[in-house]
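A.B. asks: Here's a structure for you.
The values are calculated or read from the model by the stated rules, or taken from the named source; none is laboratory data. The model shown is predicted, which means the values in this text are computed figures rather than measured ones. Cβ sites come from the backbone with ideal geometry, for glycine too, and all protein chains shown count toward neighbours.
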4 protein chains.
Amino acid sequence: MTSPVRILIHGASGRMGQALLRLAAAQPETFEVVGAVSRKPAQRVIDGVPQFAASELNGAPAFDVLVDFSLPEAFDPVLALCVQRDTALVSGTTGLSEAQLAAMRSAAQKIPLLWASNFSLGVAVLAELVERAASALPGWDCDIVEAHHTQKKDAPSGTALTLGQAAESAGAAVHYASLRAGDIVGEHLVQFTGLGERIELVHRATNRDIFARGALHVAARLAGKPPGSYRVRDLLD
Amino acid sequence: MTSPVRILIHGASGRMGQALLRLAAAQPETFEVVGAVSRKPAQRVIDGVPQFAASELNGAPAFDVLVDFSLPEAFDPVLALCVQRDTALVSGTTGLSEAQLAAMRSAAQKIPLLWASNFSLGVAVLAELVERAASALPGWDCDIVEAHHTQKKDAPSGTALTLGQAAESAGAAVHYASLRAGDIVGEHLVQFTGLGERIELVHRATNRDIFARGALHVAARLAGKPPGSYRVRDLLD
Amino acid sequence: MTSPVRILIHGASGRMGQALLRLAAAQPETFEVVGAVSRKPAQRVIDGVPQFAASELNGAPAFDVLVDFSLPEAFDPVLALCVQRDTALVSGTTGLSEAQLAAMRSAAQKIPLLWASNFSLGVAVLAELVERAASALPGWDCDIVEAHHTQKKDAPSGTALTLGQAAESAGAAVHYASLRAGDIVGEHLVQFTGLGERIELVHRATNRDIFARGALHVAARLAGKPPGSYRVRDLLD
Amino acid sequence: MTSPVRILIHGASGRMGQALLRLAAAQPETFEVVGAVSRKPAQRVIDGVPQFAASELNGAPAFDVLVDFSLPEAFDPVLALCVQRDTALVSGTTGLSEAQLAAMRSAAQKIPLLWASNFSLGVAVLAELVERAASALPGWDCDIVEAHHTQKKDAPSGTALTLGQAAESAGAAVHYASLRAGDIVGEHLVQFTGLGERIELVHRATNRDIFARGALHVAARLAGKPPGSYRVRDLLD
């Protein structure tokens, strides 16, 4: 029996951080959360997990993978720590600058690193299926319809664009449509239409926990991998 | 047992006319086609049905309802004949002028008359359901997504707009999206989204015969009705 | 401006009771929760709402409608109180005995009363649409497919059977299929298939709050209605 | 520019044979139909294609691939001819005996050979996607729902079982549901359900031409391949 993957969670007080802590605690054979880093921890230990302030980051205990869902201004020391300790990094922090993205690419030559905007395993699988379908069905029309809650500002969604790029990489021309309605967590339909037949590939998210669950999935598989820049798709079973 | 409804078909050589003749012939207990009017009939009788040129329209035998799918330039004598004979008129001729629409409204005071752009019974039922759903679910978001073959130029489809008006008449604000792909005959989704739940009302057409079938359905029910302007919805079972 | 509806919640410590309290508190202009009844209240007042033990039920303050989601063994005094006070009763308590059902029918001659197994407004609307579609589309095939989480034991779901009865009351013969998968909250598809066309009527639930929201919706509308036995469908807008 | 693939069509008078002739004639740069074999040809040449009776099979002109949609009793000489001429064979003839299946496996050591029950390219793509999804999503529930016209006797459909085997080969346990309604040509939904998310993979057929189109697709690609037993999936782009 293998020992659990040691995880350091950065951004522990945010919505994703809280979900990560809750879901990792439910799988003690797979994950050991060695520390939770947030701006101002309320206590030194919460639910058995040692808490650290951002300023204490470099004193964090040994870990196999750092999982980071925080803000761009806190990102640089996170990346530096992983390189220094030679550990894996999983990050879903959005809004990184060009310089930060370049630093990430450079770090990927030394450590295994995964950055993604959507950690749902289902979406990662769908992207792979979309690419395969597009390459096998040249000449079929490709439409992507996505639906999200009314608070979502950008359209098409980043995930729709990712799926579209998967289709385009295999030669399809993609048409997008976006619906904004109610409190829909997120739905994506990729439709390939030929003559007399049609394929519809759909992903429906009903619970935001899937993003934390997917981040833990890739964290467990990224630890110990060779250096490089990984996608969620690369770490599916 | 009642005697069959006597039908005169105008525009008999067109795609709809041919489908009407074929489907009416398959229901001899319900329909008796007393004549088929086209520009230049190839023979005097085809498959047992007397053929008439447009110029012979006024000499057509007695009928209960005239079913017209032809062109605007041939419409005026058709309307005049129905008023003169005091019979019902079902028409799906598109591109009528303002004057012709006014003449139709005026004729509807004397004869039962139905004009529609879509004769599918399913679409008519859907329009009724959409109106009811919109009135029962105030505050829910309403989206209409329609898909048709790539040859279709207008978007949203006329049917999507009709469904949207049904929703709007009950207070909904409607958002439209259109897909043009492959050889899709016609699909319409009307989606009402609330918090934590959603209703999807869908119509899928796979065969153009449904339009001729619907036209015969309303023809059988319009004959003998009081004068007035009817919709397909008004003649559902 | 009208004054809020005064609600007494019975079964306040259960999942539905807690959701009712939370959602009613968010609409202070519409609802005033005058009391919460549970087996053993932890405090006399919680979040501003007076708490009562079941044994104190008869001493509850004046209310317009009692909303009951509890257990059969606690039901009789609830029904008696509403009749005695001449108030409305909304109940979703399941497992009532024949005698209790008979008592409810009898009470409905004196007070407005609504009992339901599913309080989703969307499902109530769908049932109405299904009945209408079935009556307008005689001869079309009717299939119901429902999907729920793997913990659900009964199949087809009670809601599927209710929808099926709506179709059957209009003459349709219904075929059922059930899926049990993942953590699906509840989905129902009612499909009417003709020749060359098809109507699909779908309800998707993604959040259990819809049941509490629907119960509050009908509670607000039932208060002050004439005596009788009501369905959720009867109190839609 | 390559010369067209020379095709001999066996079973030319059947529904598939007629569709093959019509669709091949529309792509003269890709296909040259060198002959059409049927029980009793009405003429020696129809639409420019030489006609042969089954008894004249061995005198057929040179071809690259034989496409056979006929009956088991006519199959043996077809297989023998392809082996003798060292050409490819595409067959969709159903009801073959165990001995015929064994002869086919043996012949596949000498010629490229493809037998399938469903020649839709979309279905072949879907089977590949299903296998990939099942392997990438261990532990997710897998349900297959198929819908066909009311004349279809077997359930689940052969295609549903093929899709199910693709999922099972990757470790999934599959649950099936079947609908028989109206004149639905054929629809298959393969659904993978996890916690909080779901993938739906759908194929919809609206026109039977897709089977002939798929048979021509594989015929063009099978000609010239090494000996072996191929699936439609193996000849996708």
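A.B. asks: For region B:105-127, give me the residue count where each residue is more than 14 Å from the chain's Cα centre (by Cα) and either crowded, with 20+ Cβ neighbours inside 10 Å or free of Cβ contacts under 8 Å to residues at least 24 places away in the same chain (or both).
C.D. replies: 4
A.B. asks: Could you pull out every one of the strands (runs of 3 or more DSSP E) wholly within region C:120-237 that has 2 or more residues that are more than 7 Å from every other protein chain (Cβ to nearest Cβ)?
C.D. replies: C:141-148, C:174-180, C:186-193, C:228-230
A.B. asks: When the residues of region B:42-72 are filtered to those that are in contact (Cβ under 8 Å) with a residue 24 or more places away in the chain, of a type outside the set (A, V, I, L, M, F, W, C) and surrounded by 14 or more Cβ atoms within 10 Å (Cβ to Cβ), which remaining residue is nearest to B:Thr87 (Cα to Cα)?
C.D. replies: Filtering region B:42-72 for residues that are in contact (Cβ under 8 Å) with a residue 24 or more places away in the chain, of a type outside the set (A, V, I, L, M, F, W, C) and surrounded by 14 or more Cβ atoms within 10 Å (Cβ to Cβ), the one nearest to B:Thr87 (Cα to Cα) comes out as B:Asp64.
A.B. asks: Report the residue count in region C:78-99 for those that are of a type outside the set (Ser, Thr, Tyr), surrounded by fewer than 14 Cβ atoms within 10 Å (Cβ to Cβ) and either under 22 Å from C:Phe119 (Cβ atoms) or at pLDDT below 95 (or both).
C.D. replies: 1
A.B. asks: Do you know which residues across region D:152-169 are within 13 Å of D:Leu201 (Cβ to Cβ) and aliphatic (A, V, I, L, M)?
C.D. replies: Once the filter is applied, which keeps residues that are within 13 Å of D:Leu201 (Cβ to Cβ) and aliphatic (A, V, I, L, M), region D:152-169 yields D:Ala160, D:Leu163, D:Ala166, D:Ala167.
A.B. asks: Condition first: more than 16 Å from A:Ser38 (Cα to Cα) and of a type in the set (S, T, N, Q). Now tell me which residues in region A:51-106 satisfy that.
C.D. replies: Result: A:Gln84, A:Thr87, A:Thr94, A:Ser97, A:Gln100, A:Ser106.
A.B. asks: Might you let me know whether region C:186-204 holds any residue that is in contact with an Asp or Glu (Cβ under 6 Å, 6 or more places away or on another chain), surrounded by 24 or more Cβ atoms within 10 Å (Cβ to Cβ), closer than 19 Å to B:Leu201 by Cβ and of a type in the set (Val, Ile, Thr)?
C.D. replies: Checked region C:186-204: at least one residue is in contact with an Asp or Glu (Cβ under 6 Å, 6 or more places away or on another chain), surrounded by 24 or more Cβ atoms within 10 Å (Cβ to Cβ), closer than 19 Å to B:Leu201 by Cβ and of a type in the set (Val, Ile, Thr).
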